[in-house]
Amino acid sequence: MLRLTSALLLVVITTGCASTTVIRSDPSGATVRSRSGEVLGKTPYEHSDSAMVNHSESFVVELEGYETEYVTIKRDQWNGLRTAGGVIGGLFMPPVFAILLWATDYKEAYQVELREAPEQQEGEALQPVRASRRAAPERQRSSRR
């Protein structure tokens, strides 16, 4: 029985606790940034880490001429081999239960559909702000009468 437990523990350890996913975009070639603004790469972008169960991470996906999109990945897909190894191994050696903290993976891939940004003419974005500033004093004058 000790051999079985040792073999199972070896399998679980060698499969590793890291999880990898791919962030894809349509169209591809978009820049992937961390939420802090650090450029991480271009799509398709492969992300790997060894975070624990239910860890989530957010990314910014940008491409010139398209609206900025945000994608959040979450480590919530149960890995059967790691789960079984943690439970069975933990029955014989309780510290092995700790493997369950890393028994999930990210989805295989995340897809981001980029939408074309609406075309704006120069100065177009400023007009609504100016109009709303002019409208406010007029409303105040009419309410004083």
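Observations
- Subtracting the Cα-Cα distance of residue 72 and residue 101 from 0.36 nm times their residue separation leaves 8.4 nm of extension gain.
- Ranked 38, 62, 46, criterion: other C-beta atoms within 10 Å, fewest first: 38, 46, 62
- Length available on full extension from residue 109 to residue 58: 0.36 nm per residue minus the Cα-Cα distance, which gives 17.0 nm.
- Residue-count net charge about residue 57 - beta-carbon cut-off 14 Å; Lys, Arg +1, Asp, Glu -1: 0
- A simple count of charges around residue 20, restricted to other residues whose Cβ falls under 10 Å of its Cβ and scoring Lys, Arg +1 and Asp, Glu -1, yields -4.
- Legend: ranking of residues 68, 104 from fewest to most surrounding C-beta atoms inside 10 Å; resulting order 68, 104.
Every number in this text was worked out from the coordinates using simple rules, so none of it is lab data. This is a predicted model, so every value here is computed, not measured. Heads up, the Cβs are rebuilt from the backbone with ideal geometry, glycines too, and the neighbour counts pull from every protein chain shown.
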